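What follows is one structure encoded as structure tokens, with my remarks underneath.
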Amino acid sequence: MKQDIRKRFDHYAARQTLKEKYQARMIFDQQGGVWRADHNFIVLLNALPEECTILDIYDRPIQVKTDQLLDTAYELWQEQLNAWSVELAKINAER
């Protein structure tokens, strides 16, 4: 029974490590700011006008062209989510 509990804990820890790994890969710099590509950021960029000032992850106001930033953020986000999904499937198969 202890071994089953360890396996579950190890599975949870592996998923958490994987999440942190891919979230770190979603950080990028562009247009003088540092951004995190995630669904909230993509929704924000879709709602904003073409040129505006937004806060980067360090809470610095940066003047940006949202269409260029959105293209980069979406591409990076999708690329990392696909890789994350593949790696998660491998972890789940080991379970």
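The values are calculated or read from the model by the stated rules, or taken from the named source; none is laboratory data. In this text, all values refer to a predicted model and were calculated from it rather than measured experimentally. Ideal geometry is used to build each Cβ from the backbone, glycine not excepted, and the neighbour counts take in all protein chains shown.
For the structure I just gave you, tell me whether Lys19 is within 21 Å of Ile91 (Cα to Cα) and either touching a Leu at 6+ places or on another chain (Cβ under 9 Å) or not aromatic (Phe, Trp, Tyr) (or both). Steps first, answer last, please.
Working: within 21 Å of Ile91 (Cα to Cα): yes; either touching a Leu at 6+ places or on another chain (Cβ under 9 Å) or not aromatic (Phe, Trp, Tyr) (or both): yes.
Spelling it out, Lys19 is indeed within 21 Å of Ile91 (Cα to Cα) and either touching a Leu at 6+ places or on another chain (Cβ under 9 Å) or not aromatic (Phe, Trp, Tyr) (or both).
Of the conditions (1) among the small types (Gly, Ala, Ser); (2) in contact (Cβ under 8 Å) with a residue 40 or more places away in the chain; (3) surrounded by fewer than 12 Cβ atoms within 10 Å (Cβ to Cβ), Ala14 clears all except one; give me its number.
(3)
If you scan the range 1-19, which residues turn out to be charged (D, E, K, R) and either at pLDDT 80 or above or part of a loop (DSSP other than H, G, I, E, B) (or both)?
If we filter the range 1-19 for residues that are charged (D, E, K, R), which is where we start, we get 2, 4, 6-8, 10, 15, 19.
Hits for the range 1-19 are Arg15, Lys19.
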